[in-house]
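The values are calculated or read from the model by the stated rules, or taken from the named source; none is laboratory data. Computed from a prediction, not measured in an experiment: that's the story for all the values here. Note that we place each Cβ from the backbone using ideal geometry, even for glycine, and neighbour counts take in every protein chain shown. Side chains are part of the model used for accessible areas, which takes the heavy atoms of the whole protein and leaves out ligands, DNA and RNA. Shrake-Rupley method; radii C 1.70, N 1.55, O 1.52, S 1.80 Å.
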Amino acid sequence: MMLGWTGAFLNVDLNKNKAVSEKYDESLALNFLGGRGFAVKILWNTLEQGTEPLSPENKLIFATGPLTAVGLPNSGKLVVAAKSPLTGGYGDGNMGTMAAVNMRRAGYDTLIIGGKAQTPVILHIRDKDCEFVDAKDFWGLNSFETHEQLIKKFSRAAGIVSIGPAGENQVKFATVVSQEGRSGGRSGMGAIMGSKNLKAIVIEGTGQILLADPNGMRKLAVDGYRELQTKPSYAFWKRQGTMSTVEFSQENSALPTFNYREGVFDKAEGIGGFSMEKIKVSNRGCPQCNMTCGNVVKDSEGKDSELDYENIAMLGADIGLGNLAQVATLNRMADEFGFDAISLGNVLGFAMEASEKGLIAEKIRWGQFEEIKALIVDIAYRRGLGEVLAEGVRAASAVVGNGSSEWAMHVKGLEVSAYDCHAAPGMALAYGTSSIGAHHKDAWLITWEIKAGRESYDSEKVNRLIETQLIRGGTFEALTVCRFPYNQLGFQLEWYQKYLRAATGKEFSFEQLNQISNRILNLIRAFWVREYKEKWSRDLDVPPMRWFKEPLTEGALKGSVLDYEKYDEMLTAYYEKRGWDERGVPKQSTLEQLGLTEEAKTLDAYVKLENKPIINTTLQNTPFP
Ligand code: SF4
């Protein structure tokens, strides 16, 4: 019997309204841990190469890990993953939700959802029972309304994930939303749910997760919560969460401003952490967390809006809006419609710049609140310019043309998150090589980089990046627990070894955890290459040309720009250290050392792993595979 893991998946076929519980082999748990590890392995095994992301054949995965919901700090997390409709590669995100807790208590580590319901449905799981509930009365509701109605229909203790109109209309950067504002799956996981006619999943679990040492875990959990409260930055974190990053980014010329033309914003103070504190009404957070980082404020319409740095930077500075209550309204709209707020801010900034340059007929101006609100609604319902922007910034730039691909701020189709990199080559490489496109989650390198020396392109940066990606993008995403205790409060990694021992009865050395992370990240890279086939090239690991060609014109770092040659050398060094060839494709020997021998054979059939030609493509213009 497996301990720590439930040992079961729930396999759901929406074509047939059928759900089947399946046991999985312990070797999967030991080699991939859970969360992102399970997700990529299932997607690799079950998807045909070239699966259309919004087709019934794509699989939507909700995955937990061995530490999810076992009582330890910040463990109420869930990974949602699929082949992304925005990027055409591997896509995932994590979210704090009671659905994670209930899924494990219902006896499942992972849900695998395939097919497409004929009419909108809600999947209701209650322990071992499953029903498909008609969702016609829910279709069209926003995610907050959906949550409220489903709580009334089922139970306040149920775990619920749902989509809003953005997901229903298959906006390519729609997210899955839970608990009024906790959302996940930047690269279009909400659109996948919409394509399957799946409005929501409601999970009620009443069982127990079997642990190797339940008493030991209880004590460790209490000790962990206490330890966190003793950390010097705990109190300030509770006050501001990630919002203090607005001031940090502004001070360091990294605050994305006017579609990443600049790194400083003259109204930054008005949208920063201290301004937020003046209008804050409460803290909100994920389940099983005692460092709740969601800052709830009243928005300009008197509604609650939960703020964090990325959303505020992208819906504030990046689009020239300096009124925090108004930014909070846009943030609330993003959560209600079920948009990824980072990508939303990014496509809005792109549209504003295109409008300013006279490349589109529509007038959409920097910082004009009413115009922005109207455009957000149009994106959600795919009307007019909204239809173009709903496809994401890469596709929008293909429509707009006129060189706009150079300031379409994305990597591999995923819009850049909220750090300007004109003067941060290490962070630029982190975006370039992230597992899902230009996202900061795997490697938030910028604070370290600023201290270490931001102008250098040396191997120390490459080493640090790989180390960070393995821990954050590998271990934390597979354990499926929040990384903030570790990287914000200095909660040491040894805690997670102890938690794993108490949960599973097994010892995991750091070397083993790194090996698992490496396996997961290599399989993610292999998935991308398999899907892109001959269109794959190292150019896909290069961030937007704006950062190389258009120097900052304001702030202390005025004149800064990335050096293309040096970036390219750094990318080569990165590939060598990862065991990848000059295209950024894992070598056969690398995959085999990680036990991915069968995967190497499959990949070789699509892209020769040895003696390969270099494939040239136009920078940043690789078409959707
Ligand atoms: S620190 Fe924030 S993101 Fe992490 S679990 Fe707590 S509320 Fe969620």
Legend entry - Looking only at the stretch 244-288, and only at residues there that are in contact with a strand residue (DSSP E or B) (Cβ under 6 Å, 6 or more places away or on another chain) and open to solvent by less than 10 Å² (accessible area, probe 1.4 Å), the one that is nearest to the ligand (Cβ to nearest atom): M276
Inset, instruction - Report, by residue number, each residue of the stretch 289-323 that is open to solvent by 10 Å² or more (accessible area, probe 1.4 Å), within 10 Å of the ligand (Cβ to nearest atom) and not charged (D, E, K, R). - result: C289, N290, T292, C293
Inset, instruction - May I ask you to list the residues in the stretch 228-267 that are over 24 Å from L72 (Cβ atoms) and aromatic (F, W, Y)? - result: F248, F258, Y260, F265
Legend entry - Hits in the stretch 192-230 (condition: of a type in the set (K, R) and under 27 Å from the mean Cα position of the chain (by Cα)): K196, K199
Legend entry - Condition check for A478: more than 14 Å from the chain's Cα centre (by Cα) and small (G, A, S): no
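What number of residues within the stretch 349-364 are touching a residue at least 24 places away in the same chain (Cβ under 8 Å) and basic (K, R)? Show your work before the answer.
Here is the first cut: in the stretch 349-364, the residues touching a residue at least 24 places away in the same chain (Cβ under 8 Å) are 349-354, 357, 359-360.
Imposing the further condition that a residue be basic (K, R) reduces the set to 357.
Final tally of qualifying residues: 1.
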Inset, instruction - Have a look at P73, P53 and point out the one that is in a loop (DSSP other than H, G, I, E, B), at pLDDT below 95 and surrounded by 21 or more Cβ atoms within 10 Å (Cβ to Cβ). - result: P73
Inset, instruction - Scan the strands (runs of 3 or more DSSP E) fully inside the stretch 122-219 and keep the ones with 1 or more residues being at pLDDT 95 or above and open to solvent by 10 Å² or more (accessible area, probe 1.4 Å). - result: 129-134, 198-204
Inset, instruction - Just give me the residues in the stretch 467-503 being more than 15 Å from the ligand (Cβ to nearest atom) and open to solvent by 10 Å² or more (accessible area, probe 1.4 Å), in sequence order. - result: E467, T468, L470, I471, T475, Q492, L493, E494, Q497, K498, R501
Inset, instruction - Within the stretch 540-551, work out how many residues are outside any loop (DSSP other than H, G, I, E, B) and under 22 Å from the mean Cα position of the chain (by Cα). - result: 2
Inset, instruction - Determine whether A351 is more than 30 Å from G76 (Cα to Cα), in a loop (DSSP other than H, G, I, E, B), more than 16 Å from the ligand (Cβ to nearest atom) and of a type in the set (A, V, I, L, M, F, W, C). - result: no
